[in-house]
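K.L.:
Starting off with a structure, shown below.
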């Protein structure tokens, strides 16, 4: 058994013993959901502070800490890449890798789905892509947390996409022209109220789907990994680790692919919806 597997087992065993009075899935949700402490079991826990702002309590949570860390890490990495690129027009190493990613998002996502005027939306798409990508990968590290498995985080990301979509459509077509363009041409007058309601609902279902898809995929993978590891304690035998640990490691490798795919899918769909709003004539 590898050292990483032992650390995982020890951590889960410590958490499980501390939650004997809870239900069987309590310790799994403890690792998946947000919390008021940074849990580094079995090495210890760091409680997070709580403030009172204008009479209202404000609790710093685990996901807030890691979300801030992701934002700072993203700013530092991209600042470093930009600085290195200015020093040498021939990129190499990390700079070369990030240039490939940026060009991919620009050409294969933004340019191909939005078309003319994609440059206005490229900064947001790149920001969303790198934030989700770094968040997903950070969540795969031991003792870390996946902020994209928090529905509040994915909802905010989807809301930002919704705002950019509406802004893009109104900027290009005007407020009246944008909402007029939502109604397909040739629709009978009697059906206009129904179609209008359906189209308005459709404006909100798109970001809702973005939020739920990202949240569900990132949560499901982690639950499966913890559930496989939990077989060791459910069966009360370390011999089962010969099956559960390799299966958990296989799912972990799949999670690496999922982390990449979810960043791509969220950015691609956001870009596609922006293109549909901007170029309604298509």
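The values are calculated or read from the model by the stated rules, or taken from the named source; none is laboratory data. All figures in this text were calculated on a predicted structure; none of them were measured in a lab. Virtual Cβ from ideal backbone geometry, glycine too; neighbours counted across all protein chains shown.
K.L.:
Do we have residue 212 as closer than 30 Å to residue 175 by Cα and either at pLDDT below 80 or touching a helix residue (DSSP H, G or I) at 6+ places or on another chain (Cβ under 8 Å) (or both) here?
P.N.:
Working: closer than 30 Å to residue 175 by Cα: yes; either at pLDDT below 80 or touching a helix residue (DSSP H, G or I) at 6+ places or on another chain (Cβ under 8 Å) (or both): yes.
Spelling it out, residue 212 is indeed closer than 30 Å to residue 175 by Cα and either at pLDDT below 80 or touching a helix residue (DSSP H, G or I) at 6+ places or on another chain (Cβ under 8 Å) (or both).
K.L.:
So which residues in region 142-193 are within 12 Å of the chain's Cα centre (by Cα) and assigned to a helix (DSSP H, G or I)?
P.N.:
Residues satisfying the conditions are 147, 148, 149, 151, 152, 153, 154, 155, 156, 157, 158.
K.L.:
Quick one: is residue 218 within 19 Å of residue 261 (Cβ to Cβ) and surrounded by 15 or more Cβ atoms within 10 Å (Cβ to Cβ)? So that I can check it myself, show each step before the final result.
P.N.:
On the way: within 19 Å of residue 261 (Cβ to Cβ): yes; surrounded by 15 or more Cβ atoms within 10 Å (Cβ to Cβ): yes.
For residue 218, the condition - within 19 Å of residue 261 (Cβ to Cβ) and surrounded by 15 or more Cβ atoms within 10 Å (Cβ to Cβ) - is met.
K.L.:
Say whether the condition of being over 25 Å from residue 82 (Cα atoms) and part of a loop (DSSP other than H, G, I, E, B) is met by at least one residue in region 110-122.
P.N.:
Looking through region 110-122, at least one residue is over 25 Å from residue 82 (Cα atoms) and part of a loop (DSSP other than H, G, I, E, B).
K.L.:
Might you let me know whether region 97-120 holds any residue that is free of Cβ contacts under 8 Å to residues at least 40 places away in the same chain, out of contact with any strand residue (DSSP E or B) (no Cβ under 9 Å at 6 or more places or on another chain) and more than 24 Å from residue 161 (Cα to Cα)?
P.N.:
yes
K.L.:
Please determine, by comparing only the residues of region 221-232 that are touching a residue at least 40 places away in the same chain (Cβ under 8 Å) and either under 18 Å from residue 32 (Cα atoms) or surrounded by fewer than 18 Cβ atoms within 10 Å (Cβ to Cβ) (or both), which one is nearest to the chain's Cα centre (by Cα). Reasoning before the result, please.
P.N.:
Pass one, region 221-232, residues touching a residue at least 40 places away in the same chain (Cβ under 8 Å): 222-223, 226-227, 229-230, 232.
Filter again for either under 18 Å from residue 32 (Cα atoms) or surrounded by fewer than 18 Cβ atoms within 10 Å (Cβ to Cβ) (or both), leaving 222-223, 226-227, 229-230.
Details: 222: 13, 223: 16, 226: 19, 227: 22, 229: 24, 230: 25 Å.
The extreme case among them is 222.
K.L.:
Looking at (1) surrounded by fewer than 21 Cβ atoms within 10 Å (Cβ to Cβ); (2) modelled with pLDDT of 85 or more; (3) closer than 28 Å to residue 146 by Cα, which one does residue 200 not meet, given that it meets all the others?
P.N.:
(3)
K.L.:
Quick check: anything in region 238-255 within 30 Å of the chain's Cα centre (by Cα) and part of a loop (DSSP other than H, G, I, E, B)?
P.N.:
Looking for residues that are within 30 Å of the chain's Cα centre (by Cα) and part of a loop (DSSP other than H, G, I, E, B), one finds none in region 238-255, hence no.
K.L.:
Select, from 82, 97, 71, the only residue that is within 19 Å of the chain's Cα centre (by Cα) and either in a loop (DSSP other than H, G, I, E, B) or under 28 Å from residue 271 (Cα atoms) (or both). It would help to see each step written out before you state the result.
P.N.:
Numbers: 82 fails: within 19 Å of the chain's Cα centre (by Cα); 97 fails: within 19 Å of the chain's Cα centre (by Cα).
Being within 19 Å of the chain's Cα centre (by Cα) and either in a loop (DSSP other than H, G, I, E, B) or under 28 Å from residue 271 (Cα atoms) (or both) holds for just one of 82, 97, 71, which is 71.
Conditions tested, residue by residue: (1) in a helix (DSSP H, G or I); (2) more than 30 Å from residue 112 (Cα to Cα); (3) under 18 Å from the mean Cα position of the chain (by Cα).
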site	(1), (2), (3)
203	yes, no, no
210	yes, no, yes
215	yes, no, yes
271	yes, no, yes
280	no, no, no
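K.L.:
Checking residue 46 against (1) surrounded by fewer than 18 Cβ atoms within 10 Å (Cβ to Cβ); (2) part of a helix (DSSP H, G or I): exactly one of these is not met. Which one?
P.N.:
(2)
K.L.:
Then there is this: What is the residue count in region 120-133 for residues that are farther than 18 Å from residue 210 by Cβ and surrounded by 20 or more Cβ atoms within 10 Å (Cβ to Cβ)?
P.N.:
Matching residues across region 120-133 total 0.
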